[in-house]
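First up is the structure itself, then whatever we jot down about it.
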Amino acid sequence: MTTTTVAYFPTILLVPLISAAVIALFLRRQGNAAAAVSLAAAAFVAFDGLRLALGGGRFESATEWLRLGDLAISLGFKFDDLAALMLVIVGLVGLCVHVFSLGYMADDTAKARYFGGLSIFMFSMLGIVFADNLFMMFIFWELVGFSSYVLINHWHEKQSAADASKKAFIANRVGDFGFLLGIVMCYWLNGTVNLTELAAKGEAHTLVVSTLLPLLLFCGAVGKSAQLPLHVWLPDAMEGPTPVSALIHAATMVAAGIYMLCRINVLMVPDALTVILWTGTATALYAALCAITQSDIKKVLAYSTLSQLGYMVAAFGLGSMSETDAHNGVTHTHVYAVGVGAAMFHLTTHAFFKALMFLGSGAVIHGCHHEQDILKMGGLRTRMPVTFWTFTIGVAAIIGFPYLAGFFSKDAILYLAFAKNTPVFVLLALTAVLTSLYMVRLWKLTFLGAPRSDHAAHAHEGGLTLTLPLVLLAALSLVAGYHTHYPAVFAGVFDLIPEAHGTEHTIIFATSLAVMLVGGSIAWFFYRSTPTDTLADKAPGLFAALAALKHSFDRAYDYYVAKIQQRFALFVNFFEQIFLAGLIVRGLAGFVGLFGLGARALHVGNLNAYVYWFLLGLVGLWLFATGLVTL
């Protein structure tokens, strides 16, 4: 990595922050002006980000920000190939979401607050991208959580939106607590949390690692990237505006956990990778099963996002291969970062086609007068042709249609699973079948057949601000998989695995094609264009079981809060009120009060009484001095 001047670099980080400040201070009641300022900031981030990423310049720079004894916390920037890739994703998706929001939020009375929230989110996400140490990353990590809370809660007059924002905030705090403990442990063991210094220690075989350290750091990814068991917040987060779902809960914020794992890959050990692998695999399969029963168009995409994030986490755990060798008489374990490329590759392609589908769902909701139930849609293919064709490209990409973006990145993960872990390969292939099933179901019920409601019958295409971002994201969903055509800036990120040849290549290609066709065919021939769910009609027991699976974690958490946490809180309150506040605090105060009352009773103001007390004191001293009385 070459070191170059960073005099211009902070501009791209500060522009969204300045935008948010201008909106908050001067434009709170001027929605159109606030939208223009925020859009200008997003455009600057997108185009300047492309310039930085494609320009080839890479740099690191840090300055000491805070010192506490021997602990020095720096404000630093690390701009390498990994950061360049994330910058492009955040910039392009962020710009598309801003443009789409111009039309989608045109009549919103709190438009200024909304665009201010988008700007503060862009600033926070860029901080994570550029952070050169875990302390700085954690600061922006929390700001991203705050931004998500604000934007989910944008329509705070809705109780469901208010509850969803609190749920997201609390669930992420649980994961972030583990993340913070991991950062502290990393500093305690290695004396640094700087990413470059940790990598150098790893190369020099002086890095101190343990199984607990990466698992604590992984807790942050479990929260942000919504992995089991902290996944419960993401489906509820769909209560926020749909463009927010596209930006935060599909392409960028939820991907921050994957990005963080790739940043700390040097700290990984085999046992931790096994936990990460199975967490991602379980999340992928669980979310795919839950998606089958959803009728809310955004909820289907939310569970799809959970599933694809599980794919990325599984890829990270699968691809990091380890081997042991001896160096100067000491045995060392090397961890290969091949999974980093696979995870980031799928993160990139998924960001484009999932943002496309979320914005496409927003166009559908807008065109259907805010109807979100796919069972009440149908017939939109002819009424919303641009949305239909672009959404179709997104669906084709996610189910792995040959030579679209998702086909390449999914095949890389399946290849790794096939080579490393057969049970995981089987489960991920099953997840791919389910993905094809519920996505074709969504596509068919939304766009094909006859309209099943007045809203669908009178649906209409949005304006240019709603359709232009869809076209751009659809184009990216078509070509993003051709990583060999990417500029050299991405070469390190997409250095995945040796090209699969011969039998293994044929097996993976055939498997990928088969799972797409099986899942898609089941959805095509099974689901009918009716106002009720075909699965619920034909197999009510299975439908009920899948619906119960969806609610299982929420019910478990509700039980824990009501039956365990609240009862424990009541016990602690009783202990505090009776023992601490009552016996210890008030008891001691009462004893001191009684002692003071007795002492005051001795001061009667009578000279004779004082003489008697004086003589009694002398007798006591004499008894103590002669040893007749001892203490």
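The values are calculated or read from the model by the stated rules, or taken from the named source; none is laboratory data. Quick caveat: nothing in here was measured; it's all calculated off a predicted structure. With ideal geometry, Cβ positions are generated from the backbone for all residues, glycine too; neighbour counts draw on all protein chains shown. Just so you know, the surface numbers come from the protein's heavy atoms only, side chains and all, with ligands and any DNA or RNA stripped out. Shrake-Rupley method; radii C 1.70, N 1.55, O 1.52, S 1.80 Å.
Restricting the first member to the range 14-41 and to residues that are closer than 14 Å to Leu95 by Cα and in contact (Cβ under 8 Å) with a residue 24 or more places away in the chain, and the second to residues that are open to solvent by less than 50 Å² (accessible area, probe 1.4 Å) and in a loop (DSSP other than H, G, I, E, B), the beta-carbon pairs closer than 7 Å and six or more apart or on different chains are Val37/Leu27.
Exactly one residue among Thr390, Thr465, Thr382 is free of Cβ contacts under 8 Å to residues at least 24 places away in the same chain and not basic (Lys, Arg), and that residue is Thr382. Among the residues of the range 422-443, the one identified as of a type in the set (S, T, N, Q) and over 26 Å from the mean Cα position of the chain (by Cα) is Thr422. Kindly indicate whether Gly587 is small (Gly, Ala, Ser), more than 30 Å from Pro229 (Cβ to Cβ), at pLDDT 80 or above and surrounded by 11 or more Cβ atoms within 10 Å (Cβ to Cβ). Against the criterion (small (Gly, Ala, Ser), more than 30 Å from Pro229 (Cβ to Cβ), at pLDDT 80 or above and surrounded by 11 or more Cβ atoms within 10 Å (Cβ to Cβ)), Gly587 does not qualify. Gly362: in contact with a Pro (Cβ under 9 Å, 6 or more places away or on another chain), buried (at least 24 other Cβ atoms within 10 Å of the Cβ) and either modelled with pLDDT of 95 or more or part of a helix (DSSP H, G or I) (or both), yes or no? Taking the combined requirement at face value, the residue satisfies it. Is it the case that some residue within the range 409-426 is under 28 Å from Leu464 (Cα atoms) and in a loop (DSSP other than H, G, I, E, B)? No, the range 409-426 contains no residue that is under 28 Å from Leu464 (Cα atoms) and in a loop (DSSP other than H, G, I, E, B).
With respect to the conditions (1) surrounded by fewer than 23 Cβ atoms within 10 Å (Cβ to Cβ); (2) within 15 Å of the chain's Cα centre (by Cα), Ile152 lacks only one, and its number is (1).
Ala288 satisfies every condition listed in (1) open to solvent by 10 Å² or more (accessible area, probe 1.4 Å); (2) in contact (Cβ under 8 Å) with a residue 40 or more places away in the chain except (1). Note on the range 392-409: residues that are over 24 Å from the mean Cα position of the chain (by Cα) and either buried (at least 22 other Cβ atoms within 10 Å of the Cβ) or of a type in the set (A, V, I, L, M) (or both) total 3.
Restricting the range 66-81 to residues that are assigned to a strand (DSSP E or B) and under 27 Å from the mean Cα position of the chain (by Cα), which is farthest from Leu92 (Cα to Cα)? Per the stated criteria, the residue is Ile73. Going by the conditions given, is Phe77 modelled with pLDDT of 95 or more, open to solvent by 10 Å² or more (accessible area, probe 1.4 Å), touching a Pro at 6+ places or on another chain (Cβ under 9 Å) and not β-branched (Val, Ile, Thr)? When the stated conditions are applied, Phe77 does not pass them. The sole residue among Phe179, Phe121, Phe140 that is in a helix (DSSP H, G or I), at pLDDT 95 or above and open to solvent by 10 Å² or more (accessible area, probe 1.4 Å) is Phe140. For the range 410-451: of the residues being among the basic types (Lys, Arg) and at pLDDT 95 or above, which is most open to solvent (accessible area, probe 1.4 Å)? Ranking the candidates gives Lys444 first. Checking each residue in the range 536-581 for being touching a helix residue (DSSP H, G or I) at 6+ places or on another chain (Cβ under 7 Å) and under 20 Å from Leu228 (Cα atoms) picks out Leu546, Leu549, Lys550.
Given the condition modelled with pLDDT of 95 or more, of a type in the set (Lys, Arg) and open to solvent by 10 Å² or more (accessible area, probe 1.4 Å), answer yes or no: does some residue in the range 296-310 qualify? Yes - at least one qualifying residue is present in the range 296-310.
Residue-wise test of (1) within 25 Å of Phe358 (Cα to Cα); (2) open to solvent by 10 Å² or more (accessible area, probe 1.4 Å); (3) part of a helix (DSSP H, G or I); (4) out of contact with any Lys or Arg (no Cβ under 9 Å at 6 or more places or on another chain).
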position: Ala33; (1), (2), (3), (4): no, yes, yes, yes
position: Ala43; (1), (2), (3), (4): yes, yes, yes, yes
position: Phe47; (1), (2), (3), (4): yes, yes, yes, yes
position: Ala53; (1), (2), (3), (4): no, no, yes, yes
position: Leu87; (1), (2), (3), (4): yes, no, yes, yes
position: Val93; (1), (2), (3), (4): yes, no, yes, yes
position: Gly103; (1), (2), (3), (4): yes, yes, yes, yes
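With respect to the conditions (1) modelled with pLDDT of 95 or more; (2) assigned to a helix (DSSP H, G or I), His249 falls short on a single one, namely (1).
The residues of the range 369-400 that are of a type in the set (Ser, Thr, Tyr) and more than 15 Å from Val471 (Cβ to Cβ) amount to a single one, Thr382. With the requirement that a residue be surrounded by 16 or more Cβ atoms within 10 Å (Cβ to Cβ) and either part of a loop (DSSP other than H, G, I, E, B) or β-branched (Val, Ile, Thr) (or both), what does the range 189-219 give you? Selection gives Thr192, Val193, Thr196, Leu207, Val209. Of Ala246, Ala226, all but one fail to be in contact with a Gly (Cβ under 9 Å, 6 or more places away or on another chain), among the hydrophobic types (A, V, I, L, M, F, W, C) and on the phi > 0 side of the Ramachandran plot; the exception is Ala226.
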